1. Test residue 106 against the stated conditions and say whether it is more than 14 Å from the ligand (Cβ to nearest atom) and either closer than 27 Å to residue 34 by Cβ or modelled with pLDDT of 95 or more (or both).
2. Residues in region 250-259: is at least one open to solvent by less than 30 Å² (accessible area, probe 1.4 Å), more than 30 Å from residue 90 (Cβ to Cβ), within 21 Å of the chain's Cα centre (by Cα) and at pLDDT 95 or above?
3. Of all the residues that make up region 100-124, how many are under 24 Å from residue 62 (Cα atoms) and either open to solvent by less than 40 Å² (accessible area, probe 1.4 Å) or among the polar types (S, T, N, Q) (or both)?
4. I need the full set of residues from region 153-165 which are open to solvent by less than 50 Å² (accessible area, probe 1.4 Å) and more than 18 Å from residue 262 (Cα to Cα), in order please.
5. Could you tell me which residue of region 218-227 is surrounded by the fewest Cβ atoms within 10 Å (Cβ to Cβ), considering only residues that are in contact with an Asp or Glu (Cβ under 7 Å, 6 or more places away or on another chain) and more than 13 Å from residue 263 (Cα to Cα)?
6. When you go through (1) within 11 Å of the ligand (Cβ to nearest atom); (2) within 25 Å of residue 122 (Cβ to Cβ); (3) open to solvent by less than 50 Å² (accessible area, probe 1.4 Å) one by one for residue 193, which number turns out not to apply?
7. Among (1) within 16 Å of the ligand (Cβ to nearest atom); (2) on the phi < 0 side of the Ramachandran plot, which single condition is residue 164 missing?
Amino acid sequence: MTRLGCRCVAESVLENVRKETQAFIDKGNRAPSLAVVLVGSDPASQTYVRKKAEAAESLGFLHFQYTFDEDSKEDDILSLVGKLNEGEDVDGILVQLPLPSHISEKKIIDAISPEKDVDGFSPVNMGRLAIGEESFIPCTPKGIMRTLSYYGIETAGKKAVVIGRSNIVGKPMALLLMQKGIDATVTVCNTKTPDLREYTKDADIIIVATGHPGTIDSSYVKDGAAVIDVGVNRIKDETREKGFRLVGDADYSSFKDRDVMITPVPGGVGLMTVSMLMENTLEAAVKRRGR
Ligand code: NAP
């Protein structure tokens with residue numbers, strides 16, 4: 001098994017963003033700025049928001065955080081998004097998902113100005129991605145493409161299987177892999193796919209993003225394939241101080257004696273998501289007001 005660790009990939013992205021940010025500031029621009037909106041107290045969301053804030057601050061970005069109670073009104077969040085859209089001092093807006101069930105994620109995401117939508121989830125950016133136009137690309141799939149490239153994993157002419165079809169991972173992932181210039185032949189699986197193994201066993205690249213530990217193990221994968229594990233699942237572990245540990249959607253240990261490349265969890269694509277968010281925020285700043 002070859003471990004495709006993402007720390008080095010993420011660090012090289014952040015180093016590049018740091019250099020480009022300095023060049024941007026040296027031209028007389030103010031630092032890029034990111035507004036992050038958190039609703040409720042989901043512990044995983046709090047962790048993600050903290051990591052994003054730390055990364056933004058380490059790059060010298062301006063960073064604004066807005067925290068709402070779990071029972072906040074949808075209108076209050078929409079009103080803040082409206083203000084952030086108008087705010088001259090805001091380059092990128094990110095609303096941390098998932099939102100509490102009484103708030104429509106669709107309404108909130110639709111309200112974010114496409115020019116500040118650094119998560120790339122708005123219909124305009126998703127539509128642009130679908131037709132191959134320049135857009136903000138959702139951070140996790142973008143980070144996966146960067147990881148494949150960093151490790152020299154060929155995509156052209158290869159069979160790729162994406163397991164999961166969510167708007168934030170599976171769908172944009174499939175769109176990226178099928179793009180001209182990337183040129184993979186892509187199959188997208190979901191819970192109604194009758195026999196997952198039927199599709200994965202011939203795949204050169206497998207992206208698993210289901211949110212279920214053990215969705216695939218080594219019996220699903222041929223020799224020489226690359227497995228990108230997007231899953232971040234907390235499972236109970238009394239031996240850990242926090243009482244849980246993180247695992248992916250693939251059964252990592254089953255690959256131990258196999259000729260397969262695989263991203264670990266933790267230490268995998270989660271790190272890429274944050275670095276791509278920083279890259280997208282710099283891109284938003286340069287597009288909006290670069291000199
Ligand atoms: P999601 O919205 O729940 O979507 C899961 C998708 O997987 C659905 O399309 C579902 O199919 C499909 N699925 C579930 N079980 C399946 C199975 N046994 N076989 C085939 N398809 C199956 O989840 P998500 O937001 O895409 O996230 C997926 C995972 O990635 C989660 O663990 C999440 O925490 C993680 N994640 C990580 C990052 C990161 O930065 N590393 C970022 C985002 C998400 P149906 O459509 O048929 O229901």
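1. Values: more than 14 Å from the ligand (Cβ to nearest atom): no; either closer than 27 Å to residue 34 by Cβ or modelled with pLDDT of 95 or more (or both): yes.
Criteria not met by residue 106.
2. Applying the first criterion (open to solvent by less than 30 Å² (accessible area, probe 1.4 Å)) to region 250-259 yields 250, 255.
Imposing the further condition that a residue be more than 30 Å from residue 90 (Cβ to Cβ) reduces the set to 250, 255.
Applying the additional criterion that residues be within 21 Å of the chain's Cα centre (by Cα) yields 250.
Still in the running and at pLDDT 95 or above: 250.
Within region 250-259, one or more residues are open to solvent by less than 30 Å² (accessible area, probe 1.4 Å), more than 30 Å from residue 90 (Cβ to Cβ), within 21 Å of the chain's Cα centre (by Cα) and at pLDDT 95 or above.
3. 12
4. If we filter region 153-165 for residues that are open to solvent by less than 50 Å² (accessible area, probe 1.4 Å), which is where we start, we get 153, 155-156, 160-164.
Of everything in region 153-165, just one residue is open to solvent by less than 50 Å² (accessible area, probe 1.4 Å) and more than 18 Å from residue 262 (Cα to Cα), namely 156.
5. 223
6. (2)
7. All conditions are met except number (2).
The rows are residues; the columns are (1) outside the structural domain of residue 63 (by TED's automatic domain parsing); (2) within 18 Å of the chain's Cα centre (by Cα).
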position	(1), (2)
98	no, yes
102	no, no
108	no, no
122	yes, yes
128	yes, yes
133	yes, no
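The values are calculated or read from the model by the stated rules, or taken from the named source; none is laboratory data. This one's a predicted model, so the numbers in the text were calculated from it and none came from an experiment. As a convention, Cβ positions derive from the backbone with ideal geometry for all residues, glycine included, and neighbour counts pool all protein chains shown. Ligands, DNA and RNA are excluded from the accessible area calculation, which covers all protein heavy atoms including side chains. Shrake-Rupley method; radii C 1.70, N 1.55, O 1.52, S 1.80 Å.
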